[in-house]
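Remarks on the structure that follows.
The values are calculated or read from the model by the stated rules, or taken from the named source; none is laboratory data. From a predicted model like this one, the values you see are computed outputs, not experimental measurements. Every residue, glycine as well, gets a Cβ built from its backbone with ideal geometry; the counts of neighbours run over all protein chains shown.
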Amino acid sequence: MSEEQVLVERSENDIVTVTINRPEKLNALTKSMWGKLGDVFAELSADDSVRCIVITGAGEKSFSPGNDISEFETDRSNSEKAAAYGALMARNIDTMKACPHPTLAAIRGICVGGGMEIAGLCDVRICGESSRFGAPIAKLGLVMGYHEIGALSALVGKTAALEILLEGRILDSDAALRLGVVTRVVSDETVMVEAFEAAERIAAGAPLVHRWHKQFLKRLQDPTPLSDAELAEGYACYDTEDFKEGYNAFLEKKTPAFKGR
Amino acid sequence: MSEEQVLVERSENDIVTVTINRPEKLNALTKSMWGKLGDVFAELSADDSVRCIVITGAGEKSFSPGNDISEFETDRSNSEKAAAYGALMARNIDTMKACPHPTLAAIRGICVGGGMEIAGLCDVRICGESSRFGAPIAKLGLVMGYHEIGALSALVGKTAALEILLEGRILDSDAALRLGVVTRVVSDETVMVEAFEAAERIAAGAPLVHRWHKQFLKRLQDPTPLSDAELAEGYACYDTEDFKEGYNAFLEKKTPAFKGR
Amino acid sequence: MSEEQVLVERSENDIVTVTINRPEKLNALTKSMWGKLGDVFAELSADDSVRCIVITGAGEKSFSPGNDISEFETDRSNSEKAAAYGALMARNIDTMKACPHPTLAAIRGICVGGGMEIAGLCDVRICGESSRFGAPIAKLGLVMGYHEIGALSALVGKTAALEILLEGRILDSDAALRLGVVTRVVSDETVMVEAFEAAERIAAGAPLVHRWHKQFLKRLQDPTPLSDAELAEGYACYDTEDFKEGYNAFLEKKTPAFKGR
């Protein structure tokens with residue numbers, strides 16, 4: 001069951017597509033799906049051959065509206081159960097944040113609550129014009145815990161996070177772009193085409209370079225001063241095969257074939 | 001006197017409106033008004049029945065142009081006097097930042113200097129199309145001290161703060177939206193209507209949820225790791241009466257009546 | 001040679017223009033030019049009479065496309081050489097970041113890689129409509145080290161930095177404005193006029209005030225609590241001659257003549 005609700009497909013050029021696959025419920029997330037997503041991202045993170053991970057929702061109507069409300073009765077009816085449920089969400093958030101590979105969200109339609117959280121953890125976020133975003137949980141008497149609100153705040157900043165949560169506003173694609181929820185808005189019909197073109201551009205770049213860039217930007221969130229060894233890592237690329245490949249391809253006006261070493 | 005220059009009104013649904021009320025001077029702020037604002041926010045912060053605080057300026061022309069220049073002669077003529085004056089501003093800034101309730105600025109017309117600081121400390125900021133913002137104090141030979149410049153920087157970021165201060169640029173509503181000075185721009189005629197509709201949406205949300213969200217986002221500004229007790233607080237809402245109210249109202253498609261417990 | 005590739009000119013009103021002057025190569029940067037830029041900024045930083053520094057590129061086609069690729073063969077062919085080259089870039093970045101005077105980038109045409117880094121270190125950044133920005137170095141197998149990626153991240157935030165680096169996207173002026181790469185977009189023909197008008201507005205402000213504002217905003221990036229002496233510095237301006245000058249000029253509706261004391 002959970003296998004099918006989170007699909008993992010791999011293309012020839014090592015782009016992996018993770019699909020939230022429960023279209024009959026607009027891809028509403030269940031406890032088991034959060035667990036499966038955490039497993040999938042842990043596995044992909046450990047696989048050095050991956051060049052780019054695209055995450056999307058099945059069908060054109062919805063990326064995901066967030067967590068399935070029907071599970072509140074069984075799995076989130078008090079703080080203890082909710083904490084167990086939340087631990088699976090937190091693990092997925094931590095795993096996505098730590099993922100060394102480039103990640104890209106291809107967003108069609110509704111992208112709300114937990115759906116917006118997953119999309120927001122991706123490095124590049126492309127949506128269609130009619131997409132809608134938000135987290136109107138104050139109406140439910142429901143709080144966004146530290147892991148989730150931390151991810152939202154990292155994405156849009158503290159003040160925009162407050163605006164989204166207090167008013168429970170639903171953001172259209174223009175507002176989502178302005179606030180940084182998405183990095184690009186395209187026409188609804190071209191979301192998947194544009195997303196995979198972007199994924200191919202990313203996959204065509206040197207994979208070690210992408211991982212270094214992600215690692216450096218993460219490291220800089222920590223105010224601890226950089227060590228000499230860390231500073232030196234900024235120049236390690238010059239000793240890689242891929243740099244020689246990239247440089248020669250540039251001179252010869254060819255397409256480089258990077259090997260990740 | 002000071003009572004009248006800062007009006008406090010309360011609606012039936014526990015929305016409190018604080019009005020900077022000196023329209024004959026476009027709501028220019030005096031030392032006593034800063035003191036009074038600090039008192040008002042301290043009192044409202046301690047009142048758990050408050051659902052949302054709206055702050056606005058009397059009249060359609062101006063939210064506030066900042067501090068009354070005429071007081072420089074008497075109350076800010078040297079660094080010692082200026083520090084005493086500044087302490088009242090700093091206390092108001094600290095009190096507004098610490099306010100547990102949602103705050104909303106309804107901005108008509110001029111919103112400059114100290115006026116922009118007060119508006120910028122609110123969680124949601126709605127202005128009219130013709131509103132103008134800025135802090136052209138370098139022309140006066142005047143510095144924005146740490147409390148104030150910290151609030152500006154928290155609002156728009158370091159680089160936008162520099163742009164505003166160095167050039168002394170006056171921002172129109174488009175630029176204010178782009179830089180995050182405001183969260184929404186509406187037509188001049190509808191500022192108060194839109195602001196109070198937003199306040200009512202906020203007041204209709206669960207008050208404990210709003211306070212938790214504000215508290216969590218503030219806490220995340222501090223890089224100290226979260227304790228287990230803090231992480232657990234993210235699930236405390238599931239044991240509240242308001243969560244049961246919100247969840248049942250959702251299932252029954254009714255409007256929830258939250259009680260803040 | 002290096003003297004000519006980095007031109008320094010001073011106007012009557014103490015605005016200093018630094019021109020990246022290698023138009024036959026679209027102002028591509030060489031190792032010696034990075035060294036010279038570091039020297040120039042160190043010298044200007046120590047000169048209290050400077051009111052504003054404008055940095056621009058020679059010719060209408062390009063601010064700078066970044067580092068000269070031809071030097072990879074000689075000066076960046078392995079990690080050791082690249083680190084020596086990078087140390088000159090890092091020194092220039094540190095010197096520009098520490099510069100106490102207001103800085104302004106006047107950007108025409110291409111502003112990519114190291115060019116975008118230099119522009120991004122300026123306090124105010126004005127470009128023409130047809131300007132283009134980016135850092136498509138993953139195609140070269142090349143990494144942006146900590147100093148450079150830190151500057152990019154400080155400018156546009158972590159998520160936008162990732163978008164720019166992973167996809168290798170070239171940003172048009174609209175996207176550059178939205179992401180904060182530039183602070184203003186003007187028509188191509190008016191870039192230099194608008195930039196120098198802005199520089200004159202800045203130079204007309206009190207120079208001590210500008211330096212305090214830059215210093216305070218830098219200090220606030222450090223989470224260490226402010227000391228009483230630091231907080232008091234926010235009021236030191238009230239004891240300056242320039243404050244008296246600014247205040248009297250305001251009352252008399254004259255233009256103040258600030259002296260920086």
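Structure data summary
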read-out: Residue match in region A:217-229 (condition: more than 30 Å from C:THR224 (Cβ to Cβ) and at the interface with another protein chain (Cβ under 7 Å from one of its Cβ atoms)); value: no
read-out: Sole residue being crowded, with 19+ Cβ neighbours inside 10 Å and assigned to a strand (DSSP E or B), chosen from B:VAL54, B:VAL8; value: B:VAL54
read-out: Qualifying residue in region C:19-36 (condition: touching a Leu at 6+ places or on another chain (Cβ under 8 Å) and either closer than 21 Å to C:ARG201 by Cβ or among the hydroxyl-bearing types (Ser, Thr, Tyr) (or both)); value: yes
read-out: So A:LYS61, is it more than 12 Å from chain B (Cβ to nearest Cβ), closer than 21 Å to C:LEU166 by Cα, surrounded by fewer than 22 Cβ atoms within 10 Å (Cβ to Cβ) and out of contact with any helix residue (DSSP H, G or I) (no Cβ under 7 Å at 6 or more places or on another chain); value: no
read-out: Condition check for C:GLU60: in a loop (DSSP other than H, G, I, E, B) and farther than 22 Å from C:TYR146 by Cα; value: yes
read-out: Flag if A:ARG132 is surrounded by 24 or more Cβ atoms within 10 Å (Cβ to Cβ) and either under 20 Å from A:ASN67 (Cα atoms) or more than 7 Å from chain B (Cβ to nearest Cβ) (or both); value: no
read-out: Matching residues, region B:232-251, being of a type outside the set (Val, Ile, Thr) and more than 19 Å from A:ASP68 (Cβ to Cβ); value: B:ALA232, B:GLU233, B:GLY234, B:ALA236, B:ASP239, B:GLU241, B:ASP242, B:GLU245
read-out: Some residue of region A:156-170 being touching a residue at least 40 places away in the same chain (Cβ under 8 Å) and either touching a Ser or Thr at 6+ places or on another chain (Cβ under 9 Å) or farther than 27 Å from B:LEU208 by Cα (or both); value: no
read-out: Selection from region B:6-19 of residues that are touching a helix residue (DSSP H, G or I) at 6+ places or on another chain (Cβ under 7 Å) and either closer than 16 Å to B:ALA106 by Cα or at pLDDT below 95 (or both); value: B:VAL6, B:VAL8, B:ASN13, B:ILE15, B:VAL16, B:VAL18
read-out: Counted residues, region B:68-78 - those being at pLDDT below 90, assigned to a loop (DSSP other than H, G, I, E, B) and either of a type in the set (D, E, K, R) or touching a Cys at 6+ places or on another chain (Cβ under 6 Å) (or both); value: 1
read-out: From C:LEU171, C:LEU155, residue being of a type outside the set (S, T, N, Q), more than 8 Å from chain A (Cβ to nearest Cβ), on the phi < 0 side of the Ramachandran plot and within 18 Å of the chain's Cα centre (by Cα); value: C:LEU155
read-out: Residue check, C:SER49 modelled with pLDDT of 95 or more, more than 18 Å from the chain's Cα centre (by Cα) and either of a type in the set (Ser, Thr, Tyr) or buried (at least 22 other Cβ atoms within 10 Å of the Cβ) (or both); value: yes
read-out: Evaluation of A:LEU177 against (1) outside any strand (DSSP E or B); (2) aliphatic (A, V, I, L, M); (3) crowded, with 22+ Cβ neighbours inside 10 Å; (4) within 9 Å of another protein chain (Cβ to nearest Cβ) (one fails), failing number; value: (3)
read-out: Boolean, B:VAL40 is free of Cβ contacts under 8 Å to residues at least 40 places away in the same chain and either touching a strand residue (DSSP E or B) at 6+ places or on another chain (Cβ under 9 Å) or in a loop (DSSP other than H, G, I, E, B) (or both); value: yes
read-out: Qualifying residue in region C:74-85 (condition: touching a residue at least 24 places away in the same chain (Cβ under 8 Å) and of a type in the set (A, V, I, L, M)); value: no
read-out: Search result, residues across region C:180-191 that are within 7 Å of another protein chain (Cβ to nearest Cβ) and in contact (Cβ under 8 Å) with a residue 40 or more places away in the chain; value: C:THR183
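Conditions (1) at the interface with chain B (Cβ under 10 Å from one of its Cβ atoms); (2) under 15 Å from the mean Cα position of the chain (by Cα); (3) outside any strand (DSSP E or B); (4) surrounded by 21 or more Cβ atoms within 10 Å (Cβ to Cβ), marked per residue:
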site: A:GLU80; (1), (2), (3), (4): yes, no, yes, no
site: A:ALA90; (1), (2), (3), (4): yes, yes, yes, yes
site: A:ALA119; (1), (2), (3), (4): no, yes, yes, yes
site: A:CYS122; (1), (2), (3), (4): no, yes, yes, yes
site: A:LEU142; (1), (2), (3), (4): yes, no, yes, yes
site: A:GLU148; (1), (2), (3), (4): yes, yes, yes, yes
site: A:LEU162; (1), (2), (3), (4): yes, no, yes, yes
